[in-house]
1. What is the antiparallel percent of DSSP beta bridges lying wholly in the chain, to the nearest 5?
2. When the Cα atoms of segment 216-283 are enclosed in a convex hull and the volume is divided per residue, what value in Å³ results?
3. Percent relative contact order of the chain, based on C-alpha pairs within less than 8 angstrom and at least six residues apart?
4. Please list, in order, the residues from segment 116-139 whose amide nitrogen is less than 16 Å from a point placed 7 Å along the Cα→Cβ vector of residue 29.
5. So if I place +1 on the C-beta of Lys and Arg and -1 on the C-beta of Asp and Glu, and nothing else carries charge, what would the dipole magnitude of the chain be about its Cα centre? I want it in debye, nearest 20.
6. Most mobile of 159, 22, 108 per a Gaussian network model of the chain (Cα springs, under 10 Å)?
7. Amide H to amide H, which residues 5 or more places from residue 162 or on other chains are under 5 Å from it, using H placed in the peptide plane?
8. Of the cross-linked pairs 362/384; 122/362; 188/384; 34/84, which ones have a Cα-Cα span greater than 18 Å in the structure shown?
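Read-outs: derived from the displayed coordinates by stated rules, not from any lab. Keep in mind the model is a prediction, meaning the values are calculated, not measured. Glycine also receives a Cβ, built like all others from the backbone with ideal geometry; neighbour counts cover every protein chain displayed.
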Amino acid sequence: MNRQFDFLMPSVNFFGPGVIAKIGDRAKMLNMHKPLIVTTEGLSKIDNGPVQQTTAALEKAGVDYAVFTGVEPNPKIRNVQAGKKMYQDENCDSIITVGGGSAHDCGKGIGIVLTNGDDISKLAGIETLKNPLPPLMAVNTTAGTGSELTRHAVITNEKTHLKFVVVSWRNIPLVSFNDPMLMLDIPKDITAATGCDAFVQAIEPYVSVDHNPITDSQCKEAIQLIQTALPEVVANGHNIEARTKMVEAEMLAGMAFNNANLGYVHAMAHQLGGQYDAPHGVCCALLLTTVEEYNLIACPERFAKLAKVMGFDTTGLTLYEAAQKSIDGMREMCRLVGIPSSIKEIGAKPEDFEMMAKNALKDGNAFSNPRKGTVEDIVKLYQKAYDGI
Ligand code: NAD
C-alpha cells in the first residue's frame, strides 16, 4: 500500500473487571472538582449499577459531582441543551459520561456547545471544533459503539429527524473505562443490538476505501472475538469471560473505524435511527447483509479474505463464491442473536426511502464505502432490506 494515513489512538483506557473503582483517583489527577455525570434515567436507578459505582468512587476520592439523567436513546439536541444548562447551573468544571453511545455522544455534545458555540447542528462535519471541550471521561456500559474512545458525536435533530455527526479529535475522551462487570445485566435485546453494532463496525472498516494494515488487524481480531462471544453473551449475560471478549472486540472495532471510517450501512442506518428513533445496533444489523452483498463486486478479494477470517474453508471456490461466504457469515450472526428480518419491523415506510437515500449519500460515512452508489441504488437497498433479509 503506497499512501499516507494518520492514526488516532485513545488516550488512556482502563480495561477489565473492577476498574471502575479507579475513577475517583483519575478524576483528581485531572483536576476535576465537580464533574457533570451524563447518563440515562434507567441506568441511574440500578442499585449498585454503573452510575452508583461511579459516584461511590468519586465520593471516596472526595470529588463533588452533579448528575444529569436526561439522555434519550439516539440523543437529541434538546438533551444536549438541557445538559449544558445543568452544567452551568451547577457550576461544573468537567464531564463524566456513564452509559452506552447515547450517553457518551450527549456528553460530547454538551462539551461541544459549552466551548464551540450553542448551535451544535452547525458543527456537523469533520474537524469543525476550534476549541477544546471541558475535561471528559467516559464510563462505558455497552459493547457497543466504541464511542468512549472515538472522535465522533452522533446527535439527532428532533425537528428534522436527521442524525448528524460532529467528527473531531477534540471529542476523544481523555480517559475511558471499560469494566465488563458493569455490563452483566444488560437486557438480552440490547446486548444483541449493541453487539451487532460492534460486528458491523469491524466489517465496514475492513472493506472501507480508507482501511490500512493496522485497522485490518484490529477488524480481524474483533470479528473473531464477536463470532464466539456475542452468541454466548446473548445466551448468558453473566458469562464474564464472554462479556470481557465483547469489550475487547468493541474497543478494537472502535479504534478501527476511528481511523478507517465506515460505509453505507452506517450512512443508511443513521437515517433509520433519525426517522424512526430505532435502536442503532438493530438498524445496522438490518442493513448489513443487503449493503455488503451490494458492495461485494467492488472488492471481492477483501470479502474473500473476510470469509477466511470468519473461519470458512474457501479452498477450491471461485473468488466470488469465496466472497459470498462472508455474507453468509454475517447473515448467520444476525440470525443467531435474534435480529428481526426486515426494516418494516422498526416502522420503515417505502415513501420515505427516496428522502432517506438522498440524506444517506450526504452522511460522512458514505464517502468511505467501497462501491459508489446513486440515490436509486440506495432506494433499492432500503427496499431490499424492507422485503426481508
Ligand atoms: P444506548 O447508549 O442508546 O443504550 C441503549 C439502552 O441500554 C439505554 O436505555 C441504556 O440506558 C441501556 N443500558 C446501557 N448500558 C446498560 C447496562 N450496562 N445495563 C442495563 N442497561 C443499559 O445504546 P448504544 O448502542 O450503546 O448507543 C447508541 C448510540 O450511539 C446511537 O445514537 C448511535 O448513533 C451512537 N453511536 C455513536 C458512535 C460514536 O463513535 N460516537 C458509534 C456508533 C454509534
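1. On the way: 7 of 30 bridges.
Rounded to the nearest five, the antiparallel share is 25 percent.
2. Details: hull volume 6.2 nm³, N = 68.
Expressed per residue, the convex hull around the Cα atoms of segment 216-283 is 91 Å³.
3. Values: 800 pairs, mean separation 58.5, N = 389.
Once normalised by length, the contact order is 15 percent.
4. Within reach of a label on residue 29, which here means backbone N under 16 Å from a point 7 Å along Cα→Cβ, segment 116-139 contributes 135-139.
5. Values: 36 positive and 44 negative charges, 114 e Å.
Here the chain has a charge dipole of around 540 debye.
6. Most flexible of the set in this elastic network: 159.
7. 157
8. Details: 362/384 21 Å; 122/362 15 Å; 188/384 27 Å; 34/84 14 Å.
362/384; 188/384, as the Cα separations exceed 18 Å there.
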